[in-house]
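S.K.: Supplied in structure tokens, the structure appears directly below.
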Amino acid sequence: AGGAAMAEGEGLVSVDYEVSGKVQGVFFRKYTQGEAKRLGLVGWVQNTSHGTVQGQIQGPSARVRELQEWLRKVGSPQSRISRAEFSNEKQIAALEHKDFQILK
């Protein structure tokens, strides 16, 4: 993937995520939204009934990687992340969301 890396970095990707740990009641969604907006990404985030936070991220792959790292290691100040799982990663031709929303 030597020469292709550059072009790939410009491509848009979509990836689903689910974060486990102490991630509800600690403003995790608000911070995720803030970080996504700072990186220029779109998608959504919501709490699940089983105590995790899940959603989807879309944007330039390099920026999506940054948010993945953030979801894995940083999160909101009071959160404790035990695991961040990513799935359904695919390249997309265009963004499917207008902004990054917190879903109820």
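S.K.: How much of the accessible area of segment 7-101, probe 1.4 Å, is carbon plus sulfur, in whole percent? If you can, show how the numbers build up before the last one.
M.R.: Numbers: 2400 of 5190 Å².
For segment 7-101, the apolar C and S fraction of the accessible surface comes to 46 percent.
S.K.: While we're here: Kindly report the accessible area of the chain per residue (heavy atoms of protein chains, probe 1.4 Å, no ligands, DNA or RNA), in Å².
M.R.: 58 Å²
S.K.: Further question: Quick one: length gained pulling residue 101 to residue 82 fully straight, 0.36 nm per residue minus the C-alpha distance?
M.R.: Residue separation times 0.36 nm, minus the Cα-Cα distance, leaves 4.5 nm.
S.K.: I want the antiparallel fraction of DSSP beta bridges within the chain, as a percent rounded to 5.
M.R.: 90 percent
S.K.: Related question: Assigning unit charges at the beta carbon (Lys, Arg +1; Asp, Glu -1) and nothing else, what dipole magnitude in debye, to the nearest 20, does the chain show about its Cα centre?
M.R.: 500 debye
The values are calculated or read from the model by the stated rules, or taken from the named source; none is laboratory data. Every value quoted in this text rests on a predicted model; they were computed, and no experiment measured them. All Cβ positions, even for glycine, are placed from backbone atoms using ideal geometry, and neighbour counts span all protein chains on display. With ligands, DNA and RNA removed, areas are computed over all heavy atoms of the protein, side chains included. Shrake-Rupley method; radii C 1.70, N 1.55, O 1.52, S 1.80 Å.
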